[in-house]
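Have a look at the structure below before the remarks.
Nothing in this text is a laboratory measurement; each read-out follows from the coordinates by a stated rule. In this text the structure is predicted, and so the values were computed from the model without any measurement. Using ideal geometry, Cβ is built from the backbone for each residue, glycine included, and neighbour counts are taken over all protein chains shown.
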Amino acid sequence: MPAGYFALVLHAHLPFVRHPEHQEFLEEGWFYEALTETYLPLLLAYERMANDGVRFRITMSLTPPLCEMMADPLLQGRYIQNLDKLEHLAERECAAWKAETPIGIMARMYRDNFRACRARFESAGRNVIGGFRALQDAGFLEIITCGATHGMLPLMRTEEAIRAQIEVAKTNYRKHFGRDPRGIWLPECAYRPGIEGHLKAAGIRFFIMDAHGLLFATPRPKYGVFRPAYAPGGVAAFARDLESAKQVWSREEGYPGDYDYREFYRDLGHDGEQTYVGPYLPSGIRTNLGIKYHRITGQVELHQKAFYDPRAAREKAAAHAGNFMFNRQHQLNYLRDLLGTEPVITSPYDAELFGHWWYEGPQFLEFLYRKMHFDQSDVESITPVEFLDRHQTHQTLQPAASTWGDKGYFEVWLNGTNDWIYRHLHKAEERMVELARSHPVSSGWEERALKQAARELLLAQSSDWAFIMTTGTMAAYAERRTREHVARFTRIYEEIKAGRIDQGWLADVEGKDTIFQEIDYRIYR
Amino acid sequence: MARKPRGPEDYTREELLIMAERVNLKYRSRKSKEQLYEELGLGEKKAGARKSGRRKIAASMPARRAAAGGEDATEERAPLGMPGAPVPTATSSTSSIPLPSPFAAPAARTGPYVDRGPDLPANYGDDVLEALVRDPRALFVYWELAGGAYQRACAGKSDAELAGAVWVLRVSRIDGGQFFDIPVDPGVGNWYLHVDPASAYQIKIGLVLASGSFVELASSRVVSTPPDSVSERVDEQWMLVSEEFDRLVDYTVQQHGRQPGSAQMGQLRRRREALRRKVVEFPWNISSRISSPGVSSWMTSPRGGASRIAPAPSSRRR
C-alpha cells in the first residue's frame, strides 16, 4: 500500500494563432517553439517510459485551440519550414565549431533534437495529437479538456455562453480523441459557484482548482486540499498542493533557477550577427530561435554567463527529481498520519514550463517517474479519475470562487487595462443567443454565417487576450484580436439580421478563423 | 496621456514605409521621408489641429478616458450632455463637453501606427448595468445609458424636480438590506467598488432627486463575493476537531514560511495570528508566479530560474 498518491496535471494551452494572410507571423512562433521545446519532448519522454515498462500516470490538458492548431495542415506545414530553418542553422553551427568544443557539443545536441522532433512529427503524420491519444488509450495519460477557447467562465454574462464553452470543447475533444472528456481544466482555474452544473451536464467528473478554492469552501473541507471533494451535483474538485508547487515555481528556491540549467535569455536569435541569423528569423525580427549556449551561471549579467554543459544539467535534473520524490514521500507519510487516510497531492503546472522555460523540465519529469517506479513504494502516481474510481465517498461542499492567477481571484483579467472588453463580449454573447434562438433551422450561407458568428465570439473570449493586455508585452496584438473578432461577429450579426450576407467577405473570414469546423451554433439556444 | 509627437527626424524612411504599407498608402515608394510623415498624419499640424481642443479636456479626466478620447468621442453623448440633464458634479459642469466613450480601448492613437484592430461601437443603444466580481473585496461595474431610460425618466418631471439631482450608484446588500450611494459621473461608464467578502450585492445607477427619491435607470443582477477565509461552518457528517483542522491548514500554508530570516518569521507569525482568526493569509506570491497558463508562458517574465536574472530588454540584444 502506498502512503498516498501523486497526481501531476500539466496544462498545455496556446491561443488560436493562425494567420494565412501573412507568409510569416511572429506570434505563430509560440506554437512552433512549444512543439519543439515542450510538446514533442514530453511526448518522446512518455513514449520512452512506456516502452521501458515504467508505470506512470500523468493528467494533461490539451486545450481545444491547441488541438485545432496541432491538427491544422497550414500550421503543420509551417512548422516543418520552421524546423528546416533551425536544422539548417544548426548544421552551419556544427560546421563552424569542432565536435569537442562547448559550442560544437551543443550545436550537435540541437541538431539531433531538431531531427528527433522532425522524425516524430512526420511519423505522427504531422499531427502529434495521435501520439498523445495513443498514450491515453494505453492508460498512461488522462487527457482532459478545457474551455473551448480558454474563456474566463466566471466573467461571462450568460449561462448559454458558459455552456457553449464547455459543450464546444467536449465536441472538439470527441473529434480529436474519439471519446468524451472525463475531466476539465477550467480556464485559468477560474471557478465560481454554479459552473459545476454545466460540467455535470457535460458528463465531466472532475476539475482542477487552486488551493483556496477548496480551503475556503463551505462547509470546511475535512481533508484540506489533500483529498478531492464534491461540488454540488457530484463533480469532484481537486485542489493544488502548495508545497510541491513551490518547489518548482518558486523564484528563490525553485529547481529551474539552478545555476547549471540552461539560460533562457541568451539565444542565438539575439546573440548572432544579423547577417548570419537574419535569414532564420521571422521577417528578420530578432527573436528567440531556441538555440541557446549558456547556463544560468549565477547572479551575473547576461554577458558573463558561462557555457552550458548538457551533461551537468542532466545530472542536476536527476538530482532534483530525487529530491522532489523524497519530499513527496515525507509529505505523504506525514499527511497519512494526520488525515488517517491516503492523501492525494495534486500538482498542476503549465505544460510549457517544462521545456520552454525550464529546458531540462521534460528530463526532470522522466527521471521523477522512473525513480517513482523503480526506487520506492510510498508514492503512487495516479490520475483523478483513477482516484475517484478507487475512492467513491467524498465530502460534499460548495467550493469558493477563485483562480490560479495573481492574488487568487480575477484581477489579472479584470483591471484598468482590459475591463473595456467585457461590455463588448457580453453584448456579443447576448446577440449570439438571440441569433441561435431566432434560427432553430438554417441552411446555406445563413448557416455558414451563424457558425462563423459562434466561432468569432468564442475566439474573442480567449482569456489570453485580457492576460496579455495586463502584462503589457504584445498588448497591441491582444487588443487587435479582441477587436477584430468582436467586429467580425458584429458584422455577421448585422448581416444576418438584415438578411444580406456578404458572401465574399464571409468566405474570407471563414478561411482565417478556421477553428471548430464541427461547430453547432444551436448550442447557444 | 498624449505623448509628445515625434517629428520626421525620429523615424527612418523604412519605418515610415512599413507604416504606409499597412494603411495601403498609394505611391508610397516614390515619396520622401517628409512626404510619408505628412501623409501618414504623424505631424503635429494634422493631429494637433484636430485634437488639441479635446486634449485640454482630456487632461482633467482619468487617464483611461483621456486616452480613449479618440475620433469617435464626439459622436456619442452620454446622458450628461443631454439637454435638461442635471449637473451633479463640478467636473461635468460644462455640459457641452462631449464625454468620451467609456468602452473604447485605452489606446492612444498618436505616435507610430500600431494595428490595434478596428474600432468597436461606443454604445449598443441599451440601458444596462453589469456587475462582475473581481475579488472578495471588489466589484467592477459598467453601465451604458443609451436606450432612452434617462429621457423617459425625465419626461414626466419638471425642471424644478430635476434641479439638484445627483447621479449615483446605489449599492444594496441583499443579505442585510442596507444600501449606500456613490456619486458618479455617468459618462465614466464604469467603476470599481469596495465591498465585503461572502456577501451578495445589487448595484443600480440612477438619480437621487432633491426630494430624496431615487430614479432607477439600470440595475445589475445579484452578485456574490467569495469568502476570503476558512468557513466557520463545519459539516457534521465530516466533523473534524478544530485543532486538527488548524494543523492541516497550518501545514498547507506554513511550508512557505520555513526559510530562516526575520521577514519570513514575521510572515509566519502573521499567518499564525490569521489562522487564529481563521483567516488564512495565502502565499499568493506563488500564484502570481503561475498566473496564466499557455500564452502566459511567453508573456510573463519567466518563472523559476530565468526570472531571477531577467535582464532589461535592451541588454537582451547582445
Exercise. Mind checking which aspartates and glutamates have their C-alpha under 15 Å from B:Lys31, skipping anything on the same chain fewer than 8 residues away?
Worked result: B:Glu14, B:Glu15, B:Glu21, B:Glu39
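For A:Thr396 and A:Tyr334, what is the calculated FRET efficiency with R₀ set at 25 Å and r taken between the beta-carbons, to the nearest 0.05?
Values: r = 26 Å, r/R0 = 1.06.
Calculated value: 0.40.
Would you calculate, for chain A, the mean residue ellipticity at 222 nm contributed by helices, counting each DSSP H stretch of 4 or more residues as -39,500 (n - 2.57) and dividing by all residues, to the nearest 500? Write out the running numbers ahead of the final one.
Details: 20 runs with 256 residues, N = 525.
The per-residue figure over chain A is -15500 deg cm²/dmol.
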Problem set entry | Selected from A:Leu450, A:Ala478, A:Ile468, residue furthest toward positive end of dipole (the stretch A:392-481; charges at beta carbon) | A:Leu450
For this session: Mind giving me the nanometre distance, one decimal, between the label points for B:Ser32 and B:Ala210, set 7 Å out from Cα along Cα→Cβ?
Result: 6.5
Exercise. What is the calculated FRET efficiency for A:Gln376 to B:Glu244, with r their C-beta to C-beta distance and R₀ = 35 Å, to the nearest 0.05?
Worked result: 0.80
For this session: For A:Gly290, list long-range residues whose amide hydrogen, built 1.01 Å from N in the peptide plane, is under 5 Å from its own amide hydrogen.
Result: A:Leu268, A:Gly269
For this session: Can you tell me which of A:138-149, A:87-98 comes out highest on packing, and rank the rest after it, using the mean Cβ neighbours within 10 Å?
Result: A:138-149, A:87-98
For this session: Would you mind getting me the FRET efficiency between A:Leu26 and B:Asp196? Use the beta-carbon distance for r and R0 = 45 Å, nearest 0.05.
Result: 0.50
Problem set entry | Violating pairs (Cα-Cα greater than 18 angstrom) within the set A:Lys246/A:Lys407; A:Lys316/A:Lys371; A:Lys170/A:Lys200; A:Lys427/A:Lys497; A:Lys98/A:Lys316 | A:Lys98/A:Lys316
For this session: Kindly put A:Ser443, B:Ser172 in sequence by how many other C-beta atoms sit within 10 Å of each C-beta, fewest to most.
Result: A:Ser443, B:Ser172
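Is there a quick way to get the dipole size of the stretch A:420-525? I mean about its Cα centre, with the Cβ of Lys and Arg at +1 and of Asp and Glu at -1; what is the value in debye to the nearest 20? Numbers along the way, then the final one.
Values: 17 positive and 17 negative charges, 47 e Å.
With only Lys, Arg, Asp and Glu charged at Cβ, the dipole is about 220 debye.
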Problem set entry | Cα→Cβ-extended label distance, 7 Å offset, between A:Tyr276 and A:Lys407, nm | 4.6
Exercise. Just going by the charge dipole of the stretch A:323-426, with Lys and Arg at +1 and Asp and Glu at -1 on Cβ, which of A:Pro348, A:Phe387, A:Asn418 is farthest out on the positive end?
Worked result: A:Asn418
For this session: Could you point to the residue in A:Gly151, A:Met109, A:Asn127 farthest towards the positive end of the stretch A:95-152's charge dipole, with +1 and -1 charges on the Cβ of Lys/Arg and Asp/Glu respectively?
Result: A:Met109
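Using only Cα atoms, figure out Rg for chain A and give it as a multiple of 2.2 N^0.38 Å.
Values: Rg = 23.5 Å, N = 525, 2.2 N^0.38 = 23.8 Å.
The value comes to 0.99.
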For this session: Please work out the Cα center distance from the stretch A:235-294 to the stretch A:411-438, rounded to the nearest Å.
Result: 34
Problem set entry | Average other protein chain Cβ within 10 Å of Cβ, residues B:118-125 | 5
Problem set entry | Within chain A: Cβ-based charge dipole about Cα centre, in debye rounded to nearest 20 (Lys, Arg +1; Asp, Glu -1) | 800
Exercise. Which length gain, in nm to one decimal place, applies between A:Glu91 and A:Glu159 when the Cα-Cα distance is subtracted from 0.36 nm times their residue separation?
Worked result: 19.1 nm
Seminar exercise, completed: Partner shielding of A:236-249, as the mean number of partner chain Cβ atoms within 10 Å, equals 4
For this session: With a point put 7 Å past each Cα toward its Cβ, work out how far A:Ile285 is from A:Ala201 in nm, to one decimal.
Result: 4.1
Exercise. How big is the Cα convex hull of the stretch A:414-524 in projection, averaged over all directions, in nm²?
Worked result: 6.8
For this session: Would you list the P(r) distribution for the stretch B:127-224, with all Cα-Cα distances sorted into 5 Å bins from 0 and each bin expressed as a whole %?
Result: 3, 13, 24, 24, 17, 10, 5, 2, 0
Exercise. Which helices pass in chain A if a helix is a full DSSP H run, must span at least 15 angstrom along its long axis by Cα, and must have mean Kyte-Doolittle hydropathy not below 0.0?
Worked result: A:40-51
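I'd like to compare A:230-242, A:186-198: which one has the highest average count of other Cβ atoms within 10 Å, and what's the full order after that?
Values: A:230-242: 21.7, A:186-198: 23.9.
Going by the mean number of other Cβ atoms within 10 Å, highest first, we get A:186-198, A:230-242.
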